[in-house]
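The values are calculated or read from the model by the stated rules, or taken from the named source; none is laboratory data. Quick caveat, the model's predicted, so the values are computed rather than measured. Cβ placement follows ideal geometry from the backbone for every residue including glycine, while neighbour counts extend to all protein chains displayed.
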């Protein structure tokens, strides 16, 4: 009897593990890997919770999931710091990168991932934010600026964090 109980306990433990991995909200190993294998690209994430959130956002895209809010939620869930807005031009979206000046360093990868998520029948205009002359006039002399920052990227960070 004891041997049969041990076998049933092992079977029960295996069933519990299969159940845990079958549901995205509780998966933490091969279940997450399976879900990641069915989406176009692996989400950028550091923790299992972030992976779950990104996968849920990607799996929510359907024929009715193309609202601005749904697209922004999906991009955030995938770890992409970008914002989608409707353009004044018909059938066009504007994508910006809040909190970032200039073109992101990994723009090629971001562009590829964004275009996999956004509806393919829409045009995408990328909007980049740069330093304005008005901000540059904060320094009285160029030598003051050169004493604070060494290069253009550092200058952009200086103004963004100020």
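Rundown of residues vs (1) assigned to a strand (DSSP E or B); (2) farther than 29 Å from residue 152 by Cα, yes/no style:
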| position | (1), (2) |
| --- | --- |
| 84 | yes, no |
| 89 | no, yes |
| 95 | yes, no |
| 98 | no, no |
| 101 | no, no |
| 109 | no, no |
| 115 | no, no |
| 120 | no, yes |
| 124 | yes, no |
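Scan segment 45-64 residue by residue and report those that are part of a loop (DSSP other than H, G, I, E, B) and either surrounded by 15 or more Cβ atoms within 10 Å (Cβ to Cβ) or modelled with pLDDT of 80 or more (or both). Outline the logic, then answer.
Start the filter on segment 45-64 by keeping residues that are part of a loop (DSSP other than H, G, I, E, B), which leaves 45-47, 60-64.
Within segment 45-64, 45, 47, 61 meet the criteria.
Scan (1) on the phi > 0 side of the Ramachandran plot; (2) touching a helix residue (DSSP H, G or I) at 6+ places or on another chain (Cβ under 9 Å) for the single condition residue 135 breaks and write down its number.
(1)
Give me the residue from segment 73-101 that is surrounded by fewer than 16 Cβ atoms within 10 Å (Cβ to Cβ) and without any contact (Cβ under 8 Å) to a residue 24 or more places away in the chain and, out of that set, nearest to residue 50 (Cα to Cα).
Restricting to residues being surrounded by fewer than 16 Cβ atoms within 10 Å (Cβ to Cβ) and without any contact (Cβ under 8 Å) to a residue 24 or more places away in the chain, the top hit is 76.
When the residues of segment 126-147 are filtered to those that are out of contact with any strand residue (DSSP E or B) (no Cβ under 9 Å at 6 or more places or on another chain) and not in a helix (DSSP H, G or I), which remaining residue is modelled with the highest pLDDT?
The selected residue is 130.
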